[in-house]
Amino acid sequence: MPRLHINIDHVATLRQARRGFEPDPIAWALEAERAGAQGITCHLRKDRRHIQDADVVALRAQITTLLNLELSLDPEIVELSLTSGADEFCLVPENRKEVTTEGGLDVLGEAGRLALVIPKLLAVGGVISLFIDPEPEQVRAAAGSGAQFIELHTGSYSNAEGLDIPRELRRLSEATNLARELGLRVNAGHGLNYLNVGPVALLDGIEELNIGHSIVSRAIFCGIHDAVGDMKALVAGADGIA
Ligand code: PXP
């Protein structure tokens, strides 16, 4: 069964809507841990649209599960990440105009910058994951990059309809198998929700799911404990929570 890591960016987005102090994403993360989250994920974006530098420091000081920091290859963000104390670094593409992370990292196209950044992150002791689309050529490139993990982008699966759903699930499964044959470990995330998470959680070899938007959205209605608990039950193989 994969571990459930919860992305708290959307709590910070709500706070930043007023540039104030509430809701506090750190307090929310701590409550998510009490509800069963096995890791906390956040993305320090260049434009600081949600998570702020001080949030990363406070998370590191206060959470007791794993801290997974998503970052782009931007030099300023890489420098900040090196002193963050994060347990995991997930390298993602970033485009200022996007609403959320669109598509995976082009590991082949970014080979030069990755070759500079990955050794620096390895030197501070975290594990590294590359957020990629479930494409065989990206998986192969990741295997030669020095990163220990990939995180498969589940956005195409999450957006799929009809017969495209099993086709997208097959792509995720094949990418997972290929990655493991090549010695990589595999996480997954993006767009997963209470209706679509089950089949992904059942894929053999996926170690961690990173889920944010759907859990934060559900928590608005029924609170953090039910939102996290229901998702954990689904990841563990329960069906029928909608
Ligand atoms: N994984 C990565 C690398 C992401 O960038 C995101 C979105 O920030 C997620 C997982 C979580 O996606 P969602 O909020 O759609 O669950």
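Readers should treat all values here as calculations from the given coordinates under stated rules, not as data from a laboratory. Since this is a predicted model, take the numbers as computed values, not measurements. Cβ placement follows ideal geometry from the backbone for every residue including glycine, while neighbour counts extend to all protein chains displayed.
Evaluate Rg over Rh across segment 65-127, taking Cα atoms for both radii and Kirkwood's formula for Rh. Can you show the working numbers first?
Working: Rg = 11.7 Å, Rh = 12.3 Å.
With Rh from the inverse mean 1/r over Cα pairs, Rg/Rh is 0.96.
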statement: Charge tally for neighbours of His225 with beta carbon under 12 Å away, counting Lys, Arg as +1 and Asp, Glu as -1, is -1
query: So, how do all the Cα-to-Cα distances of segment 150-202 break down into 10 Å bins, in percent, from 0 on up?
result: 25, 57, 17, 1
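Can you give the FRET efficiency to the nearest 0.05 for Ala17 and Arg60, using r as the Cβ-Cβ distance and R₀ = 22 Å?
Calculated value: 0.35.
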message: Please list, ordered by chain and number, the residues whose modelled amide H lies under 5 Å from the amide H of Glu207; skip anything fewer than 5 residues away on the same chain.
response: Val186, Asn187
Segment 1-73 and segment 102-142: distance between their alpha carbon centers, rounded to Å: 22 Å
- line: Cα convex hull volume per residue for the chain, in Å³, equals 117 Å³
message: Given axes a ≥ b ≥ c from the Cα gyration tensor, I'd like to know whether segment 1-142 is rounded (a/c under 1.5), prolate (a/b larger than b/c) or oblate.
response: prolate
query: Sequence-distant or interchain residues sharing an amide H contact under 5 Å with Thr41, placed H: which?
result: Ile6, Asn7, Ile8, Asn68
- request: Rounded to the nearest 500, what is the 222 nm mean residue ellipticity of the chain from helices alone, with -39500 (n - 2.57) per DSSP H run of 4+ residues and division by all residues?
  value: -13500 deg cm²/dmol
